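The values are calculated or read from the model by the stated rules, or taken from the named source; none is laboratory data. All figures in this text were calculated on a predicted structure; none of them were measured in a lab. Glycine also receives a Cβ, built like all others from the backbone with ideal geometry; neighbour counts cover every protein chain displayed. Each accessible area value is taken on the protein alone, full model and side chains, heavy atoms only, with ligands, DNA and RNA left out. Shrake-Rupley method; radii C 1.70, N 1.55, O 1.52, S 1.80 Å.
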Amino acid sequence: MSVHVTAEVLMTKRIGAHQHLTLVAPGVGELVRPGSFLAASIGRPGEATAHLARRPLWIHKVQPMAGYGATVQVVVEPVGPGTRWLAGLAVGDRLDVTGPLGRPFALPREPVATLLVGEAHGVAALQLLAERLHERGCPVSLLLGAPDEARLLPDLELRRTARSVVVVTADGSVGQRGDVADLVGETLRRSEAQVVYAAAGLPALHAVARAAEEHGAWSQTAVAMPLPCATGLCQGCPLPVVAEDGVQRTVRGCVEGPVVRGDRVRWDDLRAQAAAVPGPVGSAGRAGTRP
Amino acid sequence: MSAVRVSGLSLRSPVLVAAGCGGRELHAWSPLDALGAVVTRTVTLDARPGARWPRVVESPAGLLHATGRPNPGLEGFLAGELPELVRLGARVVVSVAGVAALPGQSDGLVPLARRLGALPGVAALELDLATPEAAHQGLLSAEEPHAVALAVGAVVRELPPGVPLWAKLPGRPGVVAAARAAAEAGAGAVVVGGAVPAALPDGRPCGLSGPAIGGVTRRWVREVCDALPALDVVASGGVAGVDDVRALRALGAVAVQVGSVALHDPAAPGRIAAELAVRPSPSPDSRGGAA
């Protein structure tokens, strides 16, 4: 279930490299599940726009606010024309959104140990998940990474749910120096997690899926890629997988994803298709349409 | 009431969803049973995996797309998409394409027409001769009038009375001759327009759709309607709102397909159909600007 509504910006706040937007989007918050996302239309509602592709945004938090129902918080990294427009919205501005969308994280039935791996603004996809896992009695360990401090999401609320936290930045400005992909195997071994959840760039997701295989754990990977329509219509977000019947298929990242079992993804094919497009290496979010 | 007759079929509304822009997913935001018809994504006899990434890229006021027509093939379509669309109350027009075949080989159109024409859930077939990247994708394309007539005739011969064939022809010089050839070969209607030939950033052939091409569609719809006033013309390409539909109807189109606007705003097809039902004709102040 999802709705298409005109949302209003209730709050907007710059934290590091990200803009955190709180939206009044009637009907969306009540339907959100961990790992679902919101598709934003770029441009003022009802007016012609030059930007037709949707911009998918992880739903970071859902908070009931007096008089507004369940507000929805999203995190925007302003790096292209669409995300810059979103980051520049002021309190009271309106935008069209569709959501919540996509296949969410699957939650374990038993209170098993879990590891949550987040990179840059992908960490936003893990907040609701951590809360749900905590409620179910699943011990939560965290591995959080970013290129630098400015792109590391504030993790105070996440830490409240966690048994252990490892932070890593590429430039060493916070936590260990290095990246998520290098640390995931060791962190998984120490956490004794039976399920790994990840929202990160493709190299890190690939490393998560591999480490989970090696340790006999399940992995749930949230694959970020450009989603031109985000609603399953345009066939513009091919995600190469191996289906349950063992046959290689290409599914839609927006509807059959964004969360897929790590052992089902053909990572080499996915990384090859991302690498074939000019843009920062391994950054699925920069391929094709400029975000 | 805003019902129209197209190729002898009575449709609830002149607003249709164009091929490749609407499936069962759209029903959540634009109820399919309130639209004139849903043209399915293009089906070929055998399944096609589709083109490599990126398939859909934003362009000013448009979308560049080269999906390679991913589809599950006839059998997969009959098992999955078609019954779903019928269940949701959609009037279903099945878009079909042949594959480029050597002389003596089958392009797949005859078996497609034979099977689809016999199904009660299929209102009409739309033969796609308008894919700008057809040759690049190994799909049948027909540009010269005699080639259009051959392809149309081959399909029409397999269809029972009461199941019309629509020929989708690219908007470009020569479309009047192609439309005349299609009509003489038995097409019940022509769909004029579709995507404009373009190239992706990496140079691969693709189509350009969206508001950017609205004026192109108007040009060719007008030429065909003026030259062949007895022929049912369905307009397709660049329709952004109800004023575009009214303008195209004023030029002689009996029905109008909406496409990329549904990718940007999945509620748009339903909203346009509802607005048109209330006020079918152009208002005096919108006529000058839109037409």
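For B:Val6, nonlocal amide neighbours, meaning residues 5 or more places apart or on other chains whose placed amide H falls under 5 Å from its own, are B:Leu11.
Looking at the square roots a ≥ b ≥ c of the eigenvalues of the Cα gyration tensor of region A:64-210, which shape do they give, rounded for a/c under 1.5, prolate if a/b is larger than b/c, or oblate? It comes out oblate by the Cα gyration axes.
Per-residue 3J(HN,Hα) values for region A:244-257, derived from phi via the Karplus relation 6.51 cos²θ - 1.76 cosθ + 1.60 with θ = phi - 60°, read 4, 7, x, 8, 6, 9, 10, 10, 8, x, 7, 9, 7, x Hz in sequence order (x marks Gly and Pro).
Give me the percent of accessible area attributable to carbon and sulfur for region A:71-195, probe 1.4 angstrom. Intermediate values should be presented prior to the final figure.
Details: 2360 of 5220 Å².
Of the solvent-accessible surface of region A:71-195, carbon and sulfur hold 45 percent.
The amide H of B:Leu139, built 1.01 Å from its N in the peptide plane, has B:Ala100 as neighbours under 5 Å, considering only residues 5 or more places off or on other chains. DSSP finds beta bridges in the protein assembly as shown, and of those with both partners inside it, around 50 percent are antiparallel.
Counting only C-alpha contacts under 8 Å and six or more residues apart, can you give the relative contact order of region B:8-120 as a whole percent? Please report the intermediate quantities before stating the final value.
Working: 182 pairs, mean separation 31.5, N = 113.
The normalised contact order for region B:8-120 reaches 28 percent.
Shown for region A:25-67: residues covered by the partner protein chains by 10 Å² or more of accessible area relative to the chain by itself (probe radius 1.4 Å), namely A:Ser41, A:Thr49, A:Ala50, A:His51, A:Leu52, A:Ala53, A:Arg54. By the Cβ distance rule of under 4.7 Å, chain A has these cysteines without a partner: A:Cys138, A:Cys237, A:Cys254. Here region A:114-276 is assigned +1 on the Cβ of each Lys and Arg and -1 on the Cβ of each Asp and Glu. Its dipole about the Cα centre then comes out at about 240 debye. Treating the Cα atoms of chain B as identical point scatterers in vacuum, please give the log10 of the normalised Debye intensity I(q)/I(0) at q = 0.09, 0.12 Å⁻¹, two decimals. Once normalised to I(0) and log-transformed, intensities are -0.36, -0.68. The amide H of A:His60, built 1.01 Å from its N in the peptide plane, has A:Gln73, A:Val74, A:Val75 as neighbours under 5 Å, considering only residues 5 or more places off or on other chains. Within the accessible surface of chain B, defined with a 1.4 Å probe on protein heavy atoms only, the carbon and sulfur portion equals 56 percent. In this structure chain B gives 37 Å² per residue of accessible area when probed at 1.4 Å with all protein chains present.
Phi-derived couplings, Karplus 6.51 cos²θ - 1.76 cosθ + 1.60 at θ = phi - 60°, listed residue by residue for region B:250-263: 5, 7, x, 5, 7, 8, 9, 9, 10, x, 5, 4, 6, 6 Hz, with x used for Gly and Pro. Looking at region B:147-217, the DSSP beta bridges with both ends there are about 45 percent antiparallel. With each label modelled as a point 7 angstrom along the Cα→C-beta vector, the A:Glu110-B:His136 pair spans 5.2 nm. Total buried accessible area between A and B, probe 1.4 Å, nearest 100: 2600 Å².
Other residues within the sphere of radius under 13 Å centred on the Cβ of A:Glu192, judged by their own Cβ, net out at +2 (K and R +1, D and E -1).
Rolling a 1.4 Å probe over the protein heavy atoms leaves A:Glu110 with an accessible area of roughly 120 Å². Beyond 14 Å, what percent of the Cα pairs of region B:182-244 remain? For region B:182-244, the fraction of Cα-Cα distances above 14 Å is 61 percent. Eigenvalues of the alpha-carbon gyration tensor of region A:3-101, scaled by 5 and square-rooted, set the equivalent ellipsoid semi-axes at 19, 15, 13 angstrom, largest first.
Based on the Cβ-Cβ distance of A:Tyr68 and A:Arg177, what FRET efficiency does E = 1/(1 + (r/R0)^6) give at R0 = 45 Å, to the nearest 0.05? Provide the component values of the computation, followed by the final result.
Values: r = 42 Å, r/R0 = 0.93.
FRET efficiency, A:Tyr68 to A:Arg177: 0.60.
Pairs of alpha-carbon atoms within less than 8 angstrom and 6+ residues apart define the contacts here; what relative contact order does region A:3-101 have, in percent? The partial results should precede the final answer.
Values: 232 pairs, mean separation 40.8, N = 99.
Across region A:3-101, relative contact order equals 41 percent.
The equivalent ellipsoid that matches the C-alpha gyration tensor of region A:114-276 spans semi-axes of 25, 17, 16 angstrom, in descending order. Can you work out D for region B:1-120 in µm² s⁻¹ from Stokes-Einstein, where Rh is the Kirkwood radius over C-alpha pairs, the temperature is 25 °C and the viscosity is 0.890 mPa s? After rounding, the answer is 156 µm²/s. Using the Karplus relation 6.51 cos²θ - 1.76 cosθ + 1.60 with θ = phi - 60°, the per-residue 3J(HN,Hα) values for region A:147-162 come to x, 7, 4, 5, 9, 9, 5, x, 10, 4, 5, 4, 4, 4, 8, 9 Hz, with x marking Gly and Pro.
Taking every alpha-carbon pair in chain A and binning the separations at 10 Å intervals from zero gives 7, 30, 38, 21, 4, 0 percent.
Longest span of chain A, sites excluded, free of GluC sites (Glu not before Pro) in DSSP loop with at most 14 other C-beta atoms within 10 Å?
On the way: sites that count: A:Glu47, A:Glu192, A:Glu244.
It works out to A:48-191.
Structural descriptor for region B:123-258: relative contact order 22 percent, calculated from alpha carbon pairs under 8 angstrom and at least 6 residues apart.
What does the extension gain come out to for B:Asp33 and B:Leu102, with contour length at 0.36 nm per residue minus their alpha carbon separation? Intermediate values should be presented prior to the final figure.
On the way: separation 69, 0.36 × 69 = 24.84 nm, distance 4.08 nm.
Length gained, B:Asp33 through B:Leu102: 20.8 nm.
Counting only DSSP beta bridges whose two residues both lie in chain B, roughly 35 percent are antiparallel.
Per the Cα gyration tensor, the protein assembly as shown maps to an equivalent ellipsoid with semi-axes of 45, 26, 20 Å, ordered largest to smallest.
Solvent-accessible area per residue in region A:114-276 equals 39 Å², computed with a 1.4 angstrom probe and all protein chains kept. The mean number of partner chain beta-carbon atoms within 10 angstrom of a residue's beta-carbon across peptide B:42-54 is 4.
Please give the average number of partner chain Cβ atoms lying within 10 Å of the Cβ of each residue in B:61-70, rounded to a whole number. Please list the in-between numbers first.
Working: counts 5, 2, 7, 3, 4, 1, 4, 2, 1, 4.
Mean partner-chain Cβ count within 10 Å for B:61-70: 3.
Between A:Ala243 and B:Arg115, the FRET efficiency from the beta-carbon distance, with R0 = 30 Å, is close to 0.75.
Hey, what's region A:3-101 come to in accessible area per residue, 1.4 Å probe, Å²? Before the final figure, lay out the partial values.
Working: 3680 Å² over 99 residues.
I get 37 Å² per residue for region A:3-101.
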